[in-house]
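The values are calculated or read from the model by the stated rules, or taken from the named source; none is laboratory data. None of the values given here were measured: they were computed from a predicted structure. Cβ: placed from backbone, ideal geometry, glycine included. Neighbour counts: every protein chain shown.
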Amino acid sequence: MNNSDIERSRAFDDKINNLGRITSIISLALMVSVPLVITIFNKIQVSAGEIMASASGLIAMFAPMAIVENISYYPIIGAGGVYLSCITGNIMNMKLPSALSGMKLAGVEPGSSEGDIISIICVGVSSFVTVTILMLSMFIIGKYITPYLSQPILQPAFANIMPSLLGALVTPFVIKSVKVSVVPFALSIALCFALGGGYVQRYQSYFLPLIMVASVFAAYCMYKRGMLALKPAQGAPK
């Protein structure tokens, strides 16, 4: 990658970050305006103390998760993918799998400039598809399909959608980097056995950064010992 490519990449990142900040502020204002308008229109008296008392528990639980998720998603789907995913939501179920699948089909690496562009396109398309399906489900399809989906025989399948989806996405990366994957898998399994799966799931936002730090440290130690080979970046001379 020459200096011209680096400058274009930086200019692209600057534009994405500026646009992301602006759209995030606008989206946040619109989200807050809905309950605010409802409260004012119905003349509901709510104090700031009551709001903070109700929100403090949720903030304590989800704030660390939000920070960790953004840090962990950024190297994979890039700044544009993170901004767009956070605005449209449903990252783990829809946006992240769509971005990873798109990058795999396009033959680009996560974290590269090409990967960031593909990620933005995939997350945008996924958002349109999600909204379209939700609209159809509310007005047309849901009325006829819901009775069938509510059958008890299908409930175990719906209860295991996330493990199946993430397993299918993670497996290629594990096979590609078996040594690097040993530490996070071993730590996660050990925590589940020691503390219980329910406890780990409830406080995953606190365990995740610890596992991330331990994984990075373990990978660094492996690299220093010559157990890992550093691959050249895409587009860099070999």
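Tabulated data for the structure shown
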item: Qualifying residue in region 47-55 (condition: more than 22 Å from the chain's Cα centre (by Cα), outside any helix (DSSP H, G or I) and among the β-branched types (Val, Ile, Thr)); result: no
item: Among (1) within 26 Å of the chain's Cα centre (by Cα); (2) at pLDDT 80 or above; (3) farther than 24 Å from Phe62 by Cβ, the one test that Pro152 misses; result: (1)
item: Residue that is farthest from Tyr74 (Cα to Cα), among those in region 103-130 that are at pLDDT below 85 and part of a helix (DSSP H, G or I); result: Thr130
item: Test: residue in region 56-63 that is under 14 Å from the mean Cα position of the chain (by Cα) and either farther than 30 Å from Leu134 by Cβ or assigned to a helix (DSSP H, G or I) (or both); result: yes
item: In region 163-184, residue farthest from Pro209 (Cα to Cα) [restricted to those that are over 17 Å from the mean Cα position of the chain (by Cα) and surrounded by 14 or more Cβ atoms within 10 Å (Cβ to Cβ)]; result: Val174
item: Residue list for region 194-217, filter: of a type in the set (Gly, Ala, Ser) and without any contact (Cβ under 8 Å) to a residue 24 or more places away in the chain; result: Ala194, Gly196, Gly197, Gly198
item: Filter result (over 20 Å from Ser27 (Cα atoms), surrounded by 19 or more Cβ atoms within 10 Å (Cβ to Cβ) and free of Cβ contacts under 8 Å to residues at least 40 places away in the same chain) within region 74-100; result: Ser98, Ala99
item: Lys143 among the charged types (D, E, K, R) and farther than 27 Å from Ile76 by Cα; result: yes
item: Count - residues of region 131-179 that are part of a loop (DSSP other than H, G, I, E, B) and more than 30 Å from Lys224 (Cα to Cα); result: 3
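Each row is one residue, and each column tells you yes or no for (1) hydroxyl-bearing (Ser, Thr, Tyr); (2) in contact with a Pro (Cβ under 7 Å, 6 or more places away or on another chain); (3) surrounded by fewer than 18 Cβ atoms within 10 Å (Cβ to Cβ).
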| site | (1), (2), (3) |
| --- | --- |
| Lys43 | no, no, yes |
| Gly49 | no, no, yes |
| Ser72 | yes, no, yes |
| Gly102 | no, no, no |
| Gly111 | no, yes, yes |
| Glu114 | no, no, yes |
| Phe128 | no, no, yes |
| Val131 | no, no, yes |
